[in-house]
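Notes follow the structure.
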Amino acid sequence: MSEEKQPKIRFKGFDDPWEQRKLGEVKTIKDGTHDSPRYVPKGYPLVTSKNLNDSGLNLSDVSYISESDFDSINKRSKVNVGDIIFGMIGTIGNPVLLDESNFAIKNVALLKNDGPIQNHWLIQYLKSDVFNRLTSEKTAGNTQKFIGLNVIRNLIIDTPSIHEQVIIGSFLKLTDSIIAANQSKLEQLKRLKKLLMQKIFNQEWRFKGFTDPWEQRKLGEIFNIIDGDRGHNYPHESNFLESGNVLFLDTGNVKKNGFNFETQKYISDQKDKQLKNGKLNVGDFVLTSRGTLGNVAYYDKSISQKFPEIRINSAMLILRKESSQHLSNLFLESSLRGKIIDNFMRNDHVGSAQPHITKKDFSKVKLNIPQLWMEQDKVGKIFQNIFILIAANQRRLDHLQSLKKYLMQNMFV
């Protein structure tokens, strides 16, 4: 193997060249039935490419076949735990290493768990960009893509020694397990947030010592709702700068978890002076009102220290608390991130041709608020902690997924 085809990342102690092999020489490769058996209400699952995804095998939308059809298909291509299957028609790929086997397959490639190639290594290789590029060159069909069984058998892949396969496969499997655990934790936190939102805001759950009923207020009474400047001085793409004093928000800067400043664009001080509405004050909330609807971010002191001057774009609204309102900002933030936006959008207040949140209609939305500031603060703080945990776990998951992507791009040839 030529030097330039060496993997960029290898474990210490391995420097032998990888060997080129035909996939069909190192694996028994079959495919599922190409017939269309009669489906039945109850029976054995018949797995097709639609049941394969990045997360593995998904049987939530599977069709069922009779026992006789199941036995007939399995004479041709019985699946076992440890085998690999991937889509051959329509969606090519989405390989899955099987941990169950009580189903039959149709139009799906089957790579048996045999030969000199470890399936724990092979499953990672099949998910790599290297293999995706290889198969994309070999697919046929216009309206519906497919890759033939003989084409798969004749694919030439670069393979390391058994020892290196075991180490790579085990390492990437561990990485996948850590990612899956973080995904599970993140989903648990989101479910907890949803439960707390439901129980606390309908006042089914109350903090000890608080029994007074909550009062209902219109958002227009609580906030001064401000549009961004949409006049003739509104900046064009040519006005944006890579750095400067005045950050000009893009819709991507306001996510479900608050502000995100991975991408930034600025306007000049001169352009800033030409604009009227739309500049943030500390304590303002920003709401995305066009395109991506209902994301909320809070402009607090910590963010203002990093970005002292920020303007919203025309697809956002500023919610500026009226000075007469002695309300907890933490409570208001948790309320705005709750069901209030979803309910507003569900009640068809978002326009038709171009969905958007109108300032006039949004000001009429009613919000239930505890009468005592102390209860507001307690509610706000519990949700602030949940928001922080969700954001931290999301960042960790993003970093892990970026690491896995980097490894997959650099550990195979």
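Considering (1) modelled with pLDDT under 95; (2) out of contact with any His (no Cβ under 9 Å at 6 or more places or on another chain), say which one ASP284 fails and leave the rest.
(1)
Is there any pair with a first residue in the stretch 43-61 that is in contact (Cβ under 8 Å) with a residue 24 or more places away in the chain and a second that is among the basic types (Lys, Arg) and assigned to a strand (DSSP E or B) whose Cβ atoms are under 8 Å apart and which are 6 or more apart or on different chains, and what are they?
Pairs found: LEU46/LYS106; VAL47/LYS106; THR48/LYS106.
So which residues in the stretch 99-133 are exposed (fewer than 15 other Cβ atoms within 10 Å of the Cβ) and outside any loop (DSSP other than H, G, I, E, B)?
If the condition is that a residue be exposed (fewer than 15 other Cβ atoms within 10 Å of the Cβ) and outside any loop (DSSP other than H, G, I, E, B), then ASP129, ASN132, ARG133 are the ones that fit.
Could you grab me the full set of residues in the stretch 19-33 that are β-branched (Val, Ile, Thr) and crowded, with 17+ Cβ neighbours inside 10 Å?
Answer for the stretch 19-33, where residues must be β-branched (Val, Ile, Thr) and crowded, with 17+ Cβ neighbours inside 10 Å: VAL26, ILE29, THR33.
Test GLN216 against the criterion of being modelled with pLDDT under 95, of a type outside the set (A, V, I, L, M) and assigned to a strand (DSSP E or B), and give yes or no.
Yes.
Answer yes or no: is there a residue in the stretch 84-98 that is of a type outside the set (A, V, I, L, M), surrounded by fewer than 18 Cβ atoms within 10 Å (Cβ to Cβ) and more than 24 Å from LYS145 (Cα to Cα).
no
Out of curiosity, is ASP16 surrounded by fewer than 15 Cβ atoms within 10 Å (Cβ to Cβ) and part of a loop (DSSP other than H, G, I, E, B)?
yes
So which of LYS185, LYS194 is at pLDDT 95 or above, of a type in the set (Lys, Arg) and outside any loop (DSSP other than H, G, I, E, B)?
Just one listed residue meets the conditions, LYS185.
Yes or no: the stretch 110-120 includes at least one residue that is among the basic types (Lys, Arg) and modelled with pLDDT under 95.
No, the stretch 110-120 contains no residue that is among the basic types (Lys, Arg) and modelled with pLDDT under 95.
State all residues of the stretch 274-291 that are surrounded by fewer than 17 Cβ atoms within 10 Å (Cβ to Cβ), farther than 14 Å from TYR234 by Cβ and over 27 Å from the mean Cα position of the chain (by Cα); if no residue qualifies, say none.
The answer is ASN281, VAL282, GLY283.
If only one of THR143, THR139, THR175 is in contact (Cβ under 8 Å) with a residue 60 or more places away in the chain and not charged (D, E, K, R), which one is it?
That would be THR175, the only listed residue that is in contact (Cβ under 8 Å) with a residue 60 or more places away in the chain and not charged (D, E, K, R).
Counting only residues that are β-branched (Val, Ile, Thr), at pLDDT below 95 and not in a strand (DSSP E or B), how many does the stretch 74-95 have?
Total satisfying the criteria: 2.
Just wondering, is there one or more residues in the stretch 255-270 that are touching a Lys or Arg at 6+ places or on another chain (Cβ under 6 Å), surrounded by 15 or more Cβ atoms within 10 Å (Cβ to Cβ) and without any contact (Cβ under 8 Å) to a residue 60 or more places away in the chain?
No - not one qualifying residue is present in the stretch 255-270.
ARG311: more than 22 Å from LEU192 (Cα to Cα) and exposed (fewer than 14 other Cβ atoms within 10 Å of the Cβ), yes or no?
no
Determine whether the stretch 156-172 contains at least one residue that is under 17 Å from PRO95 (Cβ atoms), within 24 Å of the chain's Cα centre (by Cα) and surrounded by 17 or more Cβ atoms within 10 Å (Cβ to Cβ).
Yes; the residues of the stretch 156-172 include at least one that is under 17 Å from PRO95 (Cβ atoms), within 24 Å of the chain's Cα centre (by Cα) and surrounded by 17 or more Cβ atoms within 10 Å (Cβ to Cβ).
In this structure, does ASN74 turn out to be under 26 Å from the mean Cα position of the chain (by Cα) and of a type outside the set (Lys, Arg)?
Judged against the criteria, ASN74 is not a match.
Going through LEU172, LEU126, LEU134, LEU149 one at a time, which residue ends up being of a type outside the set (S, T, N, Q), touching a Phe, Trp or Tyr at 6+ places or on another chain (Cβ under 7 Å), over 30 Å from ILE388 (Cβ atoms) and not assigned by TED's automatic domain parsing to the domain that holds LYS339?
Every option except LEU126 fails the conditions.
Counting only residues that are touching a residue at least 60 places away in the same chain (Cβ under 8 Å) and out of contact with any helix residue (DSSP H, G or I) (no Cβ under 8 Å at 6 or more places or on another chain), which one in the stretch 230-246 is surrounded by the fewest Cβ atoms within 10 Å (Cβ to Cβ)?
Within the stretch 230-246, the match that is surrounded by the fewest Cβ atoms within 10 Å (Cβ to Cβ) is ARG230.
The values are calculated or read from the model by the stated rules, or taken from the named source; none is laboratory data. Bear in mind the structure is a predicted one, so any value in this text is a computation, not a measurement. Neighbour counts run over all protein chains shown; Cβ positions are idealised from the backbone, glycine included.
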